[in-house]
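Here, each number is a calculation from the coordinates, and none is a lab measurement. Everything quoted here is computed from the prediction, not taken from an experiment. We place every Cβ from the backbone using ideal geometry, glycine too, and count neighbours over all the protein chains shown.
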């Protein structure tokens, strides 16, 4: 990735995950104040709230709150002990949906993950994919999630919390500072109660205050002040880098004029095939999945994918699958864009293991 590449990062956060998983198992709990955590022992229990349904949050109950305090706020709540095997199974279902996209993936907790959607090329396409992901996850698990999309991980994470539950917030490149400015400074990940109090002591209460308070930050936090100042503008160079997570190689072309000419479409696809194959060989990877994307006049976009049994780096396999998928997607309308993606990539070591089985 070059330094001037505009990044597009997605952050997904499941809504009141533990409580929602419990409601999936017991539909009779739906719409009720469900609180997962320690035993409240009628207000005398020790421990904290792991999560609370949105119905319980109306009573002022939130994660990490002492369970005794939660009981006093919501004595009629339904208190359940955590069932981590259940949550792990549901989490695996959700994360499998994200991994299947083929984009760089990083799971950061049992109910949160990032995707690097830079290869989509535009925020509108990333938003379309986000809506698809929300629908797939709901259809598979019955649960809702909130998604944020931004030019960095920090902006995407803050955006995912902006319209909970079941939200989708897109912050295009160039709009991050304005989006962040009115929000409380504690919305920045990593600013806890202690740092929050220190910032408030200097008159910094919103992220906008943080954007204009560099000198005060340097005086109080030293080099850390510079990092806070950058985060206030949504500047975060950290990459989506899951350990062993899938990667993808993709290319796409937008036509100068929408076309339905089969020769033009075939010739363009051949260029894409050669381009992704060259990149694949340079990176010394093999692939299992080929995806073709077509955007028609009117910005309607469709994709179709096919996976093979074993990893390969053969161009003729790419060509055969890509041409077949493109034929299936060509309709009686003009096409604005076509794209090709190789995903489920295997490095040399992974390849040997796979082929040896």
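Points worth noting:
- Shape call, segment 25-96: gyration tensor on alpha carbons, a/c limit 1.5: prolate
- Shape call, segment 14-62: gyration tensor on alpha carbons, a/c limit 1.5: prolate
- Per-residue packing, averaged as other Cβ atoms within 10 Å, sorts the ranges 260-271, 314-325 into the order 314-325, 260-271, beginning with the highest.
- Neighbour-count order for 101, 289, 120, 253, fewest beta carbons within 10 angstrom listed first: 253, 289, 101, 120
- Once you reduce segment 5-19 and segment 87-142 to the center of their Cα atoms, the two points are 8 Å from each other.
- Rel. contact order, % - alpha carbon contacts under 8 angstrom, at least six apart, segment 248-355: 43 percent
- The radius of gyration of the Cα set in segment 248-355, together with its Dmax, comes out at 14.2, 46 angstrom.
- Taking only Cα atoms of segment 132-171, radius of gyration then Dmax in Å: 10.4, 29
- 19 Å tail of the calculated P(r), segment 1-120, as % of Cα pairs: 54 percent
- Segment 50-205, relative contact order in percent, only Cα pairs under 8 angstrom and at least six apart counted: 11 percent
- Percent antiparallel among DSSP beta bridges (both partners in the chain, rounded to 5): 90 percent
- Prolate/oblate/rounded label for segment 178-232 (Cα gyration tensor, a/c 1.5): rounded
- Mean Cα-pair separation over length for the chain, i.e. relative contact order, pairs under 8 Å, 6 or more apart, %: 15 percent
- Sorted ascending by nearby beta carbons within 10 Å, beginning with the fewest, 125, 215, 239 become 215, 239, 125.
- Derived from the Cα gyration tensor, the three semi-axes of the equivalent ellipsoid of the chain are 41, 26, 19 Å, largest first.
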